[in-house]
């Protein structure tokens, strides 16, 4: 499980879910710098395996990817 802090809300996601979200963010990174930033952050989260705090823009982007 990888833990995230989304503007004070805690979220834990399975590694496979984070891998899928990272791939999706990377695929859409050309249209959004926020998604590019999120892809880099998710990649780092997968390699470091420690809690990640997201800024507001990245939190919204992650929530949108999760909703799809």
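Of 67, 61, all but one fail to be modelled with pLDDT under 95, surrounded by fewer than 19 Cβ atoms within 10 Å (Cβ to Cβ) and out of contact with any strand residue (DSSP E or B) (no Cβ under 8 Å at 6 or more places or on another chain); the exception is 67. Close contacts from the stretch 28-40, counting a first residue that is assigned to a helix (DSSP H, G or I) and a second that is exposed (fewer than 15 other Cβ atoms within 10 Å of the Cβ), with Cβ to Cβ under 7 Å and a gap of 6+ residues or different chains, come to 34/57.
Considering the stretch 1-18, and only residues there that are touching a strand residue (DSSP E or B) at 6+ places or on another chain (Cβ under 7 Å) and not in a strand (DSSP E or B), the residue that is nearest to residue 57 (Cα to Cα) turns out to be 18.
Taken over the stretch 42-61, the residue count meeting the criterion of being farther than 15 Å from residue 15 by Cβ and in a helix (DSSP H, G or I) is 6. Quick check on my filter: what residues within the stretch 24-48 are surrounded by 12 or more Cβ atoms within 10 Å (Cβ to Cβ) and closer than 20 Å to residue 1 by Cα? 24, 25, 38, 39, 40, 41, 42, 43, 44, 45, 46 - these are the residues of the stretch 24-48 that are surrounded by 12 or more Cβ atoms within 10 Å (Cβ to Cβ) and closer than 20 Å to residue 1 by Cα.
The values are calculated or read from the model by the stated rules, or taken from the named source; none is laboratory data. Small disclaimer: the values here were computed from a predicted structure and weren't measured. Cβ coordinates were reconstructed from backbone atoms using ideal geometry, including for glycine residues, and neighbour counts include every protein chain displayed.
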